[in-house]
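The values are calculated or read from the model by the stated rules, or taken from the named source; none is laboratory data. Keep in mind that what you see is a predicted model, and the values were worked out from it rather than measured. Backbone-built Cβ (ideal geometry, glycine too); neighbour counts: all protein chains shown. To get the accessible areas, we keep the full protein, side chains included, count just its heavy atoms, and leave off ligands, DNA and RNA. Shrake-Rupley method; radii C 1.70, N 1.55, O 1.52, S 1.80 Å.
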Amino acid sequence: AVAWTPNLDAPYPSRTAHNFAAIARLRAAGELGPARLAATTLAHTLKARFGDGIDAVGFDLTPLREAIAAPTRNALLLLASGTAFLLLIAIINTTNLLLALNGARTRELAVRAALGASSARLASQVLIESLLIAFGAVAVALGAAKLAIDALVRIAAEALPRADEIALGGGLVASSLVAAVVIALIVAGSVLLNTRRNDPVGELRESSRGMSAGRTHIRTRTALLIGQTALTTVLLIGAGLLARSFLALLAVDPGFEPDGAVSVQVSQPWTRDATAASETVRRYQELMRDFEALPDVAAVGGVSALPLSASAPDGAFWDGSVTDIQHAPPSIGYAEYRVASAGYFKATGIPLLRGRAFDAGDTLEGTHVALLSAAAAHAAFGDTDPIGKRIQMGNMDGDLRPLTIVGIVGDVRERRLDRAPRGSVYVDFAQHPSAAAEFNIVVRSALPPGALIDALRATLQRDAVGIPYSLHALADVRADSLAGRRLSLLLLGAFSAIAFVLAVSGVYGLMAFVVGQRTHEFAVRQALGSSRRGIARLVLGSGLSIGGAGIAAGIVLALAATRAARSMLYGVPAGDPVTLGGVSALLLATLLLACLVPARRASAVAPREALS
């Protein structure tokens with residue numbers, strides 16, 4: 001349900017107020033380019049006309065669809081890219097499997113060709129068999145996809161908008177069937193090309209010596225495996241970089257202490273009536289006193305918008321001698337605007353660096369005061385002590401009385417963890433009651449969050465009749481701010497794990513296949529003096545050369561891909577050597593283990609039995 005209310009505010013006279021979002025409809029869908037040019041021209045005209053009275057230097061137009069999807073754009077792009085990569089890896093792996101199955105039938109196909117079967121007939125047989133196998137695999141994969149989508153909807157319900165509408169669509173089923181047909185055509189085409197190129201008698205002669213697949217066949221599978229390993233390397237490097245970024249963000253100091261506190265969000269109708277607004281503040285003050293009376297409660301305070309929230313306004317502020325903000329001189333700073341109570345800083349653990357916090361003497365009729373964060377104070381006043389100086393930030397709530405700075409507090413990451421604090425201005429909610437209609441009361445206690453929430457809910461049910469409220473642990477605020485990155489990491493991690501298993505199994509399958517084809521060769525080598533250890537090294541070297549080539553190609557692809565997605569990284573470069581080296585070492589070590597069994601089998605070949 002949606003409710004609209006009229007905007008009863010008079011238009012802000014300040015041209016530095018950025019409190020509204022404008023939505024426009026173009027006359028025609030294809031006119032975005034000309035509209036952007038017109039908006040830029042308008043911005044230049046306004047700047048030339050009003051000079052320092054306006055701080056905008058340009059306007060841009062963004063399609064509404066893109067603006068709505070912007071918060072989850074990275075996660076959706078990652079999901080699409082990871083799916084495409086995994087689809088390619090699955091196609092390569094399945095193609096390799098079918099090529100191996102048909103490579104093992106070289107003797108059978110050669111006999112059929114020698115008895116008069118045409119190349120087209122053999123290829124059609126292989127095509128039908130490959131289609132049956134591929135369609136069976138698609139059926140199993142679609143079932144697994146259904147389970148994976150259900151799990152994604154449960155996990156990503158809060159991070160993805162309309163997650164409950166995600167379902168297994170017809171497009172996905174159609175693309176899976178197309179992929180199955182493509183695989184079958186590739187395998188059938190390989191068989192057709194092989195039977196036309198090679199002499200059936202020669203194939204039978206080679207198979208009688210234990211060589212049931214030609215070098216061309218093995219080279220094709222090797223090239224496919226190199227490509228598969230390269231794609232797997234890209235996914236693993238991407239997952240590694242996202243994991244390191246996530247850990248770096250977890251280590252970021254948000255400027256407040258989320259553990260041990262609970263937030264109570266309360267709201268009352270916004271009003272321009274000063275008496276009604278003051279009554280709202282009085283009720284909130286009584287409610288906070290009730291919370292303070294609870295056992296084990298250490299501090300209680302409130303703020304108009306919690307940290308790591310993009311729901312509060314921000315704007316410029318001027319020297320306090322300015323009252324005509326329509327013709328104000330250049331601003332001295334730009335900051336987040338928060339309306340807070342006296343106990344807010346103690347309740348959230350935001351340190352008081354200098355001066356004092358709000359107190360009971362800061363009344364509506366008294367001198368209006370403000371607290372600045374360290375970043376806002378330094379940006380506006382440099383190394384000069386700002387205590388006692390006056391500023392004007394009336395474009396936030398229309399109150400043009402100057403604010404006297406009485407204290408400096410620590411910086412808080414008000415918007416996002418990955419964005420450095422740009423400064424905040426705090427005003428007393430008792431002096432700005434109209435801006436406190438929606439309020440977040442923070443209660444710090446030694447009690448576990450669950451027990452504290454139960455005690456707060458009982459108090460609210462008794463003393464907050466007519467006040468809508470919601471409760472959640474303050475630690476959830478920080479966790480929710482990382483929800484998008486957590487989802488991206490989860491998705492890419494899942495894709496990487498599946499790709500990793502496919503790559504390792506593919507290399508193992510190829511090495512096992514090669515050993516089976518080269519049994520006669522290994523027996524001859526041993527008969528001519530090669531040691532078992534030398535043959536094992538030969539197989540291991542062959543497997544590692546495939547893995548090394550794939551990893552090298554994957555690193556090149558990953559460097560290009562991660563540079564394009566640099567905005568998703570934090571605290572780690574796109575070409576992070578730790579991640580690149582770690583992924584390379586992990587893949588090489590695992591591929592080495594995958595080659596051990598085929599190498600041991602090759603070294604165990606008995607020359608007398610193989611040559612008999």
Stokes-Einstein D in µm²/s, Kirkwood radius over Cα pairs - the stretch 223-381 at 37 °C with 0.692 mPa s viscosity: 164
Suppose each label sits 7 Å from its Cα in the direction of the beta carbon; what would the SER531-SER118 distance come out to in nanometres? 5.7
Hull volume per residue for the stretch 358-498, using the convex hull of the C-alpha atoms, in Å³ is 196
From most to least accessible, 1.4 Å probe, no ligand or DNA/RNA atoms counted, LEU88, LEU225, LEU26 line up as LEU88, LEU26, LEU225
Considering amide H positions built from the backbone, and no H for Pro or chain starts, which residues 5 or more places from ILE350, or on another chain, come under 5 Å of its amide H? GLU257
Could you report the accessible area of ILE186 in Å², rounded to 10, computed with a 1.4 Å probe on the protein chains as they sit in the structure? 80
J(HN,Hα) series, the stretch 524-529, from Karplus relation 6.51 cos²θ - 1.76 cosθ + 1.60, nearest Hz, glycine and proline x: 4, 4, 5, 5, 8, x
How big is the accessible area of HIS44 in square angstrom, nearest 10, if you roll a 1.4 angstrom probe over the protein chains? 110
Calculate the FRET efficiency for ASP385 and ASP150 from the Cβ-Cβ distance with a Förster distance of 56 Å, rounded to the nearest 0.05. 0.40
How far is it, in nm, from the label point at ARG36 to the one at LEU588 when both lie 7 Å from their Cα along the line to the Cβ? 4.5
Length added when fully stretched, GLN265-ASP319, from 0.36 nm per residue minus Cα-Cα: 16.1 nm
Non-local amide H neighbours of VAL264 (under 5 Å, H modeled in plane, Pro and chain starts lacking H): which ones? ILE441, VAL442, VAL443
Please name whichever of ALA340, ALA446, HIS378 sits farthest to the positive end of the charge dipole of the stretch 322-477, dipole taken about the Cα centre and charges placed at Cβ: Lys and Arg +1, Asp and Glu -1. ALA446
Accessible area of ILE68, 1.4 Å probe, to the nearest 10 Å²? 120
Amide H to amide H under 5 Å from VAL409: which residues, 5+ apart in sequence or cross-chain, H placed 1.01 Å off N in plane? LEU353, LEU372, SER373, ALA374
With θ set to phi - 60°, apply the Karplus curve 6.51 cos²θ - 1.76 cosθ + 1.60 along the stretch 285-299 and write out the HN-Hα couplings as whole Hz, x wherever there is a Gly or Pro. 5, 5, 5, 5, 5, 5, 5, 5, 7, 5, x, 6, 7, 9, 7
Of ASP290, ASP319, ASP362, ASP253, which has the most accessible area and how do the rest follow, probe 1.4 Å? ASP253, ASP319, ASP290, ASP362
When the Karplus curve 6.51 cos²θ - 1.76 cosθ + 1.60 is applied with θ = phi - 60°, which whole-Hz ³J(HN,Hα) does each residue of the stretch 81-86 get, with x for Gly and Pro? 5, x, 5, 5, 4, 5
